[in-house]
1. Among 184, 166, 95, which one shows the biggest mean-square fluctuation in a GNM of the chain, springs joining Cα atoms closer than 10 Å?
2. Let me know the shape class of the range 90-211, please: from the alpha-carbon gyration tensor, a ≥ b ≥ c as square roots of the eigenvalues, rounded when a/c is under 1.5, otherwise prolate if a/b is greater than b/c, or oblate.
3. Hey, in the GNM for the chain with a 10 angstrom Cα cutoff, which one of 122, 36, 97 fluctuates hardest?
4. Around residue 33, with a cut-off of 14 angstrom between Cβ atoms, what is the net charge of the other residues, counting Lys and Arg +1 and Asp and Glu -1?
5. Which of these, 201, 98, 131, has the largest mean-square fluctuation under a Gaussian network model of the chain (Cα springs below 10 Å)?
6. With +1 on each Lys and Arg Cβ and -1 on each Asp and Glu Cβ, how big is the dipole of the range 1-87 about its Cα centre, in debye rounded to the nearest 20?
7. Can you flag which of 56/137; 17/56; 94/137; 56/160; 56/156; 160/190 are past 24 Å Cα-Cα?
8. Given +1 on the Cβ of Lys and Arg, -1 on the Cβ of Asp and Glu, and no further charges, what dipole in debye does the chain carry about its Cα centre, rounded to the nearest 20?
Amino acid sequence: MEQTITAQSVWQKLANKQPVIISGPCSAETELQVLETAIRLAKTGKVDMLRAGIWKPRTKPGNFEGVGTEGLVWLQKAREITGLPFTIEVATAKHVEDSLKHAADILWIGARTTVNPFSVQEVADALQGVDIPVFVKNPVNPDLDLWIGAIERLQKAGIKRIAVVHRGFSNYGNTEYRNAPMWHIPIELKRRMPDMPMLCDPSHIGGRRDI
């Protein structure tokens, strides 16, 4: 299928403060799962971009940590079939290299990477001279300076198209939300960086369909 939605058109919607919907499985588990999901999402006519995690930073060892680079081939095929561009999470220079090799449309830095300046710098260094949009999720802990620091590292690497993703913050004990939204933090980021496009990740914040 001809790709009528592109990374540039998605970025233009963000820049114009229009709603952008990014959807897909938390983890890419099989080629069939990725393709079936992409086809169903494309048929709605409401989704702008496909996402799926292929490198999953788990809390404890032994849990499923993603299918790895093989998943990029599945996402490329999904794009060919549906016309939906795809975005992928990167946490290392090798992730960046593999994602660019497979023509990922947009990259994102996850919350567990944003929290580590060394990891963010590694990704930023790998992106030197590359013109690609990058989304930066808030760090898992409620630290605005860490979030802004990650943005600044990418800016210093020459990345021009940066957006932030508010996905809530980790907290201890039982709460209404899976990740506490702490709305004052993204609001303060927008106050300091009013031109920075911002997306909201309701799945990570809510953790339940009913909210």
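1. Maximum among the listed residues: 184.
2. Working: a/c = 1.95, a/b = 1.62, b/c = 1.20.
It comes out prolate by the Cα gyration axes.
3. Looking only at 122, 36, 97, the biggest GNM fluctuation is shown by 36.
4. Spelling it out: positives minus negatives among the neighbours equals -1.
5. 131
6. 380 debye
7. 17/56; 56/160; 56/156
8. Details: 26 positive and 23 negative charges, 95 e Å.
My answer is approximately 460 debye.
Just so you know, all these numbers are worked out from the coordinates, no wet-lab data involved. Here the structure is a predicted model, which is why all the values come from computation and not from measurement. Please note: Cβ atoms are built from the backbone with ideal geometry, for glycine as well, and neighbour counts cover all protein chains shown.
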